[in-house]
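Novice: If you scroll down you'll find the structure; I have some questions about it.
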Amino acid sequence: MSLKSLRETRAAKVAQMQNIQTTKGENLDKTDLATIKSLGDEVADIDMQIEAIELTRTAAIQNVKPLDEKIVDQVKEIKTKFNNYLRGKITQREFENAVGAGDIGKGKETVPEDFLRELQEKIKEFGVIGNDARHITTSDNGQLHIPTIDDTASAGVWTAEHGSITPADFATGEITMDAWKVTTAITVSTELLEDAFFNVESYLAGALGTRLSRTMEASYINGDGSSKPKGIVTDTSTKDVASKTTAVIEAADALALIAAIQPTSRNGAKFYASDSAIMAMTAWIDST
């Protein structure tokens, strides 16, 4: 039966129910009540059929839409739900249900892409090392095992024509990278969320990103590996070059640092220094 026929049939049955009630008023007998109940059940069944057809049509229209339009629609819907959740208009459970929490992964989908993207951009914007690093997303945020090869002590050998070649094996190893958690929180009053005339969500993403980046960058350099990453300075595998003069960095120290790196690793190498060290370097004078 077509959608038009279903709606016409429904209207007729509703009119029949209203006619019985209008004619009999309060003098309804058992037969009338049974008829009204039967008509009500039929109307409910027709409503289900109409809803199923409308859902099918909506899904068909969505499937015809280009992918970019679908993504825009999804982002708008999730962003609206997220704003309503922040403002207390819907509960956390309602928000999770609205965005399909747990349908694909383990909850990442519950964070609107716009908010997550802006948070990540703020972390990179504040930080220095994060922009130079290679970012890898591990499965379930678990450990990442990276093989290593140390071939720095090996070299080729000049060999006579038809001379024998002696194989030189390289040493392999493995580095295990753990997943660490860095947190922060911002308390925002309901009044601010309801009355603010600016984009509170964007401000929160910026504030949270700056806090997280400030903590992460410090650990990338000086982290001790206890509930946080092991920093470049504290890592025992880091090449250590000591300054000749205590508490003073000289130009020769910088050259020694560069010389300590394998020639093949110098191209594209990145150097980091504290603000105080950078200020000291600006005072260097080329005596030649």
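Novice: Name the pairs whose Cβ atoms lie under 8 Å apart, with the first residue in segment 26-53 and within 12 Å of residue 6 (Cα to Cα) and acidic (Asp, Glu), the second open to solvent by less than 70 Å² (accessible area, probe 1.4 Å) and at pLDDT 85 or above, and 6 or more positions between them or separate chains?
Specialist: Partner pairs satisfying both residue conditions: 42/13.
Novice: Go through (1) open to solvent by 80 Å² or more (accessible area, probe 1.4 Å); (2) of a type in the set (A, V, I, L, M); (3) in a helix (DSSP H, G or I) one by one and return the number of the condition residue 153 breaks.
Specialist: (3)
Novice: Moving on to the next point. Scan 219, 243 and give me the residue that is of a type in the set (Ser, Thr, Tyr) and within 30 Å of residue 137 (Cα to Cα).
Specialist: Testing whether each residue is of a type in the set (Ser, Thr, Tyr) and within 30 Å of residue 137 (Cα to Cα) leaves just 219.
Novice: Quick one: is residue 227 open to solvent by 80 Å² or more (accessible area, probe 1.4 Å), modelled with pLDDT under 80 and in a loop (DSSP other than H, G, I, E, B)?
Specialist: When the stated conditions are applied, residue 227 does not pass them.
Per-residue answers, yes or no, for (1) of a type outside the set (S, T, N, Q); (2) modelled with pLDDT of 85 or more; (3) touching a Gly at 6+ places or on another chain (Cβ under 7 Å):
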{"residue": "2", "(1), (2), (3)": "no, no, no"}
{"residue": "39", "(1), (2), (3)": "yes, yes, no"}
{"residue": "44", "(1), (2), (3)": "yes, yes, no"}
{"residue": "50", "(1), (2), (3)": "yes, no, no"}
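Novice: Only one residue in 184, 159 is farther than 30 Å from residue 136 by Cβ, surrounded by 10 or more Cβ atoms within 10 Å (Cβ to Cβ) and not aliphatic (A, V, I, L, M), so which one is that?
Specialist: None of the other options fit; the residue is 159.
Novice: Could you please find all residues in segment 118-146 being part of a helix (DSSP H, G or I) and either loosely packed, with under 12 Cβ neighbours inside 10 Å or more than 15 Å from the chain's Cα centre (by Cα) (or both)?
Specialist: 125, 126, 129, 130, 131, 132, 139, 140
Novice: For segment 269-287, state whether one or more residues are assigned to a loop (DSSP other than H, G, I, E, B), open to solvent by 90 Å² or more (accessible area, probe 1.4 Å), over 22 Å from residue 218 (Cα atoms) and of a type in the set (Ser, Thr, Tyr).
Specialist: Yes, segment 269-287 contains a residue that is assigned to a loop (DSSP other than H, G, I, E, B), open to solvent by 90 Å² or more (accessible area, probe 1.4 Å), over 22 Å from residue 218 (Cα atoms) and of a type in the set (Ser, Thr, Tyr).
Novice: Output the number of the condition that residue 205 fails; it satisfies all remaining conditions of (1) in contact with a Phe, Trp or Tyr (Cβ under 9 Å, 6 or more places away or on another chain); (2) open to solvent by 50 Å² or more (accessible area, probe 1.4 Å).
Specialist: (2)
Novice: Do we find a residue being assigned to a helix (DSSP H, G or I) and loosely packed, with under 10 Cβ neighbours inside 10 Å anywhere in segment 237-246?
Specialist: The answer is no, given that none of the residues of segment 237-246 is assigned to a helix (DSSP H, G or I) and loosely packed, with under 10 Cβ neighbours inside 10 Å.
Novice: Could you list all residues from segment 208-224 that are more than 16 Å from residue 183 (Cα to Cα), in a helix (DSSP H, G or I) and open to solvent by 70 Å² or more (accessible area, probe 1.4 Å)?
Specialist: Result: 222, single match.
The values are calculated or read from the model by the stated rules, or taken from the named source; none is laboratory data. Predicted model, so just to flag it, every value in this text is computed and none were measured. FYI the Cβ positions are ideal-geometry reconstructions off the backbone, even for glycines, and counts take in every protein chain you see. Heads up: the accessible areas ignore ligands, DNA and RNA and are worked out on the full protein's heavy atoms, side chains in. Shrake-Rupley method; radii C 1.70, N 1.55, O 1.52, S 1.80 Å.
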